[in-house]
Every structure is written in structure tokens, then in C-alpha cells.
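The values are calculated or read from the model by the stated rules, or taken from the named source; none is laboratory data. Keep in mind that what you see is a predicted model, and the values were worked out from it rather than measured. Methodologically, a virtual Cβ is constructed for each residue, glycine included, from the backbone with ideal geometry; neighbour enumeration extends over all protein chains shown.
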Amino acid sequence: MNATRSSKKQPPKPDKITFKERLAALRNLPQFFKLVWQTSAWMTACSFMLRIIRSAIPLAILYVGKLIIDQVVMLSRNHGGQSHYHLWQLVALEFGLAILSDTLSRGITLLDSLLGDLFSNETSIRIMNHAATLDLDQFEDSVFYDKLERARQQTVGRTVLLSQMMSQVQDLITMGFLAAGLMAYNPWLIVLLLIAVIPAFLGESYFNDQGYALTRGQTPERRELDYVRYLGASDETAKEVKIFNLSGFIINRFKVLSNQFYSDNKRLALKRSGWGVFFAMLGSAGYYAAYVVIILRAVNGSTSIGDLTFLAGSFRQMRSLLENILTRFTSVSQGAIYLADFFEFFQIKPKITLSKNPRPFPKPIKLGFVFEDVGFKYQNAERWANRHLSFTLKPGEKLALVGENGAGKTTLVKLLARLYDPTEGRITLDGHDLKEYDLAELRLQTGIIFQDYLRYQLTLSQNIAVGNIAEQENHELIKVAAHQSLADELAERLPNKYDQMLGRRFFNGVDLSGGEWQKVALARAYMRDAQLLILDEPTAALDARAEYDVFQRFAQLTEGKSAVLISHRFSTVRMADRILVLEKGQLKEIGSHQELLNLGGRYAELFNLQAAGYR
């Protein structure tokens, strides 16, 4: 990426999250629930109802278990003199409750799994939809990419948060029932329960904070790790990796980054494990202290053996539930903090604003495009990419842009297509600011192919149709576009013609040469009946004969249309009506080929330098 286009600032490393910040993060939950409900209302409602029903089952099983034990003790004292019918009724009831509990649990797991997949798909679509509304220069900023990456991470597993919240409600209801039973026998058991659980909760909360801070702080490095992994094992990079023998360099860089992640995570995991053992010992001590109290009451005759089992079971389950609730609170608040990353991405707004009452695009263009002292600077860049640009692109005119690399040629055409808005000055079309026109219609009326066009791992037909995806089923138009770019000759040589999969990533795919890919990319520009055609180095990978044929057709196909051509080949440039020479982002010269040669300026110098190479 161009150094002038990327942010030089890294996001600050986050501090430890406070309890107040955790509570504040819970405000993200209502919006999150709204998204989940919109994903599938009936699945969300069913999952919630099943959990409510299941929350009462543990208490019922414990109480039925108490009745069974008391019945067994009574029968044993009477030496089997009474009927066992009631005992087997109780056993059958407990069996039925166990089956019901397992069935409900599996139903909840199934719903959560399906809902999770749906939510992941829906949030991914939301991210892609929102990303499509943002400006091109926002994608060229590293801080933006960190936010985008954190938002992407939230599309997977965020329904775990929903499951945790529903489980929290379920456990609270269950605990309410069990607590009522314990307090009826001995309120001090509740105090022992809190002493057993709270230290572990505080420890878990602390280490979750540290884990979140570590993960968030690693975002830029983790993106680099993913990129290095891609470089080391990709069909697009394999050629250069082999020819330049880069595998060792890439692997070493991966080792450095991955070892750093491992070291940081290991350090935190060891601390967490050590303190976890200590807090677990405290919890066990509290549980057995309560167990001793319950046993003493049974020995003294204050409670029955069934009561002993019921109380011990209730206390054990309450301890487990309270631990889950407190730990889950940490996880829920943690998830709510991560949700802030997700929602923060959607708060990013495009700087290119749409007109409330847009003008219709002129058909045909009458006065042309006018640059009025236009300047553009990339975010966080120190120098201007373009400055003080003032010129007119007339209707039907062919304008060539010439200049050394980094002169601002591609930036200029991006301004013309309104992929950027000027930082200063303005661009008008037929006397009205470009911002007044409907953006979608402006883009539809602009056919543009950049030198770094994408090579889609799709069929040939689809590769061409991306130039006007609304016409992807219009096979005649696709064939016409292919004929105009000379890609039709390629189609005839392919085994499956226009249905041939391109690229080696998928089964039966066929890779193309650079020149063949370029013809496919050129066909995209002809998919639209656009009034403005922009070609950025359109023939760089073509041989001389193919280049000549392409531009002969280009001249015919752009008859009556405006066109902007960027090229380093002066044999191509001289075919334009006028040539605009850029130097350090500013307009140096403008005129026809012969006028600029007669001027003897920068264009003449560059032309003569290139011409000398053919002598």
C-alpha cells in the first residue's frame, strides 16, 4: 500500500477494563437482542421458553429424590411390610423428569446452533452491506482495517452471548427455587455459599479483563499474521515466493509473530491457572463447611436422611449455579464489550454524501466535466496526491494522462468517477457540482478498468458480467462485450467456452496469461453503455499487435463518448485528442501530441526518452 495512503498511527493499547465499564457495556445488549430477534423470531422465542421450563426441573428432581430416600428409609424400618407401589411411582417420576431435562437440553442446543449459523450469516451480510457504502479512501487506512477486522470477528460465535444470557435467566430462576429451600432450613448456608464463590468470580473477572485487553491490543499484529500466512500458501503468491526463494523469509516472519502471540498468551494462561487452583480450594472449603453443617443436623435428628440429600444436593447445585452466573456475568459483559467493536464499525459513516434531490445524469453530456482548482489528500498523508487541477474534459473527447509513477494519474480518475470527493475545489458536470448527481447513476454511466483489476475465480461469463452485474444473465451482451475486447477469441479456445471456470483455485479451473486476463477485464468496461470510459493501463500485458487492435476498436466504440486513458506507452497516448501531463500531482502541460512536442516541455522529454529505446 502506498505509504501516503495508510495511517501512521496505531490504535492505543487498551487499559484494564473497570467494573463500571463492564456495566456500561451491557447497554449494547438490547441492540444485540434486536439483531438476534430479527434473524429468527420463532427460534429465539422457542429457545427462551424451553429454558424457562427446564429451569424448574433441577429442584423437582432433587425434591423427588428426597421423597424416594425418605420412602426407602421408612420401608426399611418396616422391613418391607408396606406396598412399594408409591416408591416405584416416585422412581418413574424422577426418570421422566430426567428424560424431559435431557430432551429440553438437546432442543435448546439444536436451536442455539441453528440460530448461531443464521446470525453469523446475517451479520456477515450486514458488514458487507455497510462496507459497500463506505468510501474508497477509508479502505486505505490501517485504523479502519483494525475496526473492520474486529467487526468480522464478532460475526462468529456472538450467539453464544445470547445463549449465555438465556442461560443466566434460567439459572437465576433455578437458583431462586433452591435458595428458598436452603433458607427454610438454615439461612447461614447462603452466607457460606457466597464465601465459597465470590473470590473465584473476582479472579475470573480480572483475568478475563486481561485477556480482552491482550486480544484487542494484538489486532494489527494478528492481521499481519493472517497476511503472512496467506503469502506463504496462496496460488496468487506461489510464483514469486518460489522464484525469489521467499519461503524461508515468510516462515521466519510467521514464527516471530506466532511465537510472540504464544508467549503473551502463555504468560496470561499460567497466571490464570495458578490463581484458579487457589480459588477452587477456597470454593471447596466453603462447600464442605456447609456439608458439615448439614450432616450435623442430620446426626442430631433435626432433619431426615432425605432432607440431608436434598440440602446437600441443593447446596452443591446452588454453588455450581452461582459460580456459573457470576462467571457468566464476566463473559456476558466481556461479550458486550466485544459487541462495542461490532457496533463501532457500523458507526463509521461515508464522507461521500448523497444528494437528497439528485439531478438525473445528462444524456447526452453537453458541456463536459470541469475540474476547478481540485486538490485531494489521502487521510493522514503528508503530501497532496493532486493539487490545483483545472481543466475540462469535453463531450466526446479522448483525454490521455501521462506522468511518472506516483504523479497522481489514478487518483485523478478516481475523483472523476467520484470514488473520492475533492479535499478542495470542485468537479462539475454540465455546470453542476458532481455531488448533485445520483451516485449510482453516475457510476453506471462510467465504465472504468484499473490496472490492478481483480482476477475473479469465477466463470468467464461471470468475470465479464461483473462490469454490469445486473446483466449477468444477458448472455448476448456478454458475448458482444467479449467481442469488443477481443476476449471472444479466448472463449472459443476454452473447453467450456463462457462457462469455463477461471483460475486454479477450484476444480477444473483454467488459468490465463496476463494478456488474456486483461482482455477479460477490458470486456467489463464494454458491459455498460457508459458515456464516460476510463482505462487505467488497459494494454500493459498485451503484445503490440493486440494493443493496436484493441485501440482501433476502442476508438470506434468510444465514438461520441468521453474517454480517459492512462498509459505509459506513447504509441497509445498519441491517439488521444489531448494529453494531460501530471507531475507531483499537479497539471504540468495539456494539449495535443503535436502541440506538446512543439512545446518542448516535459511531455516532449518523456516521449523522446521512450522513442530513443526503439532506435
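With the structure loaded, tell me whether ALA440 is surrounded by fewer than 16 Cβ atoms within 10 Å (Cβ to Cβ) and within 32 Å of the chain's Cα centre (by Cα) or whether it fails that test. The answer is yes for ALA440.
The rows are residues; the columns are (1) of a type outside the set (Lys, Arg); (2) over 20 Å from THR174 (Cβ atoms); (3) touching a residue at least 60 places away in the same chain (Cβ under 8 Å).
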residue: LEU268; (1), (2), (3): yes, yes, yes
residue: LYS271; (1), (2), (3): no, yes, yes
residue: TRP275; (1), (2), (3): yes, yes, yes
residue: LEU282; (1), (2), (3): yes, yes, yes
residue: ALA285; (1), (2), (3): yes, yes, yes
residue: ALA289; (1), (2), (3): yes, yes, yes
residue: THR303; (1), (2), (3): yes, yes, yes
residue: THR309; (1), (2), (3): yes, no, yes
residue: ALA312; (1), (2), (3): yes, no, no
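Checked across the range 335-343, the condition of being in contact with a Lys or Arg (Cβ under 7 Å, 6 or more places away or on another chain) and aromatic (Phe, Trp, Tyr) holds for no residue.
When the range 400-415 is filtered for residues that are of a type outside the set (Gly, Ala, Ser), crowded, with 22+ Cβ neighbours inside 10 Å and closer than 19 Å to LEU606 by Cβ, the ones remaining, listed by number, are LEU401, VAL402, LYS409, LEU412. Against the test of being in contact (Cβ under 8 Å) with a residue 24 or more places away in the chain, in a helix (DSSP H, G or I) and not small (Gly, Ala, Ser), the options LEU114, LEU75 yield a single qualifying residue, LEU114. Checked against the criterion of being buried (at least 18 other Cβ atoms within 10 Å of the Cβ) and closer than 16 Å to ALA563 by Cβ, the range 416-427 has at least one qualifying residue.
Per this entry, PHE342 is not counted among residues that are in a helix (DSSP H, G or I), surrounded by fewer than 20 Cβ atoms within 10 Å (Cβ to Cβ) and not assigned by TED's automatic domain parsing to the domain that holds GLU441. Determine whether PHE361 is touching a strand residue (DSSP E or B) at 6+ places or on another chain (Cβ under 8 Å), part of a loop (DSSP other than H, G, I, E, B) and crowded, with 17+ Cβ neighbours inside 10 Å. Judged against the criteria, PHE361 is a match. Is it the case that the range 238-249 has a residue that's touching an Asp or Glu at 6+ places or on another chain (Cβ under 9 Å), in the same structural domain as LEU59 (by TED's automatic domain parsing) and at pLDDT 75 or above? No, every residue in the range 238-249 fails to be touching an Asp or Glu at 6+ places or on another chain (Cβ under 9 Å), in the same structural domain as LEU59 (by TED's automatic domain parsing) and at pLDDT 75 or above.
Within the range 379-410, the residues that satisfy the criterion of being of a type in the set (Lys, Arg) and either touching a strand residue (DSSP E or B) at 6+ places or on another chain (Cβ under 9 Å) or not assigned by TED's automatic domain parsing to the domain that holds HIS568 (or both) are ARG387, LYS394, LYS398, LYS409. In the range 145-166, is there at least one residue being modelled with pLDDT of 75 or more, surrounded by fewer than 16 Cβ atoms within 10 Å (Cβ to Cβ) and of a type in the set (S, T, N, Q)? Taking every residue of the range 145-166 in turn, none turns out to be modelled with pLDDT of 75 or more, surrounded by fewer than 16 Cβ atoms within 10 Å (Cβ to Cβ) and of a type in the set (S, T, N, Q).
With respect to SER333, determine if the residue is in the same structural domain as MET165 (by TED's automatic domain parsing), free of Cβ contacts under 8 Å to residues at least 60 places away in the same chain and either closer than 26 Å to VAL36 by Cβ or part of a loop (DSSP other than H, G, I, E, B) (or both). Considered against the rule, which asks whether it is in the same structural domain as MET165 (by TED's automatic domain parsing), free of Cβ contacts under 8 Å to residues at least 60 places away in the same chain and either closer than 26 Å to VAL36 by Cβ or part of a loop (DSSP other than H, G, I, E, B) (or both), SER333 comes out as no.
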